[in-house]
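The values are calculated or read from the model by the stated rules, or taken from the named source; none is laboratory data. If you're wondering where the values come from, they're calculated on a predicted model, not measured in any experiment. Ideal geometry is used to build each Cβ from the backbone, glycine not excepted, and the neighbour counts take in all protein chains shown.
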Amino acid sequence: MRDLNLVRVAIDRMRVQVGRQRREIVQLQRAGAATAAAEALLYRMLERLDELRKQRERLKQAEATLLPRKQRGARHA
């Protein structure tokens, strides 16, 4: 469970960073500056975010198989 929480926190942090990077790209475009390096960084960040999401899903599946149905938050037994 701890690993799952760490991945969720990392996803949230990465989302914030992606938003900042996108705003920076817009600022560079408005200033007429080259954006290739910033766009390449954004692409790598988005790939890392996808990897984190996949890892989160794997951890959620592993957790679901370990816990009995009642402990997984089922509303009805």
Inset, instruction - Might you let me know whether the stretch 49-69 holds any residue that is part of a helix (DSSP H, G or I), of a type in the set (Lys, Arg) and surrounded by 15 or more Cβ atoms within 10 Å (Cβ to Cβ)? - result: yes
Inset, instruction - Could you list, in sequence order, all residues of the stretch 35-55 that are touching a residue at least 40 places away in the same chain (Cβ under 8 Å) and among the polar types (S, T, N, Q)? - result: 55
Inset, instruction - Sort through 38, 64, 34 and tell me the only one that's among the small types (Gly, Ala, Ser) and modelled with pLDDT under 95. - result: 64
Inset, instruction - Among residues belonging to the stretch 1-54 that are farther than 30 Å from residue 66 by Cα and of a type in the set (S, T, N, Q), point out the one that is nearest to the chain's Cα centre (by Cα). - result: 17
